[in-house]
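The structure under discussion appears below in the form of structure tokens.
Computed from the coordinates by the stated procedures, all read-outs in this text should not be read as laboratory data. Worth saying up front: this structure is predicted, and the values here are computed from it rather than measured. When we count neighbours, we look across all protein chains shown, and the Cβ atoms used for this are built from the backbone with ideal geometry, even at glycine.
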Amino acid sequence: MDLNLRKAILSNIESNDQKQLEATIVEAIQNGEEKMLPGLGVLFELIWKQSDEQDKQEMINALEQGVKQETTG
């Protein structure tokens, strides 16, 4: 069986509105389940593709700060 995980994730969220998308992200982070990581990765990919260079730099800065906090805290 050939499963395209990216397509399956996109299919599951294609009709979601902003509140539903936010709830998906919040739930995935709060639950902390490993199985949610691919979905978050696909969502991040969509955000990245829609972002301009300034937004991307802000995300990278936030990511750097988050990594530092997680690894030293």
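Summing Lys, Arg as +1 and Asp, Glu as -1, what charge do residues with Cβ under 14 Å from the Cβ of L37 carry, L37 excluded?
Residues close to L37 contribute a combined charge of -2.
With N counted as the residues of segment 5-72, its alpha-carbon radius of gyration over 2.2 N^0.38 Å works out to 1.21. Determine the calculated [θ] at 222 nm for the chain from helices alone, applying -39500 (n - 2.57) to every DSSP H run no shorter than 4 residues and normalising by the residue count; nearest 500 deg cm²/dmol. Helices in the chain give a 222 nm mean residue ellipticity of -25500 deg cm²/dmol.
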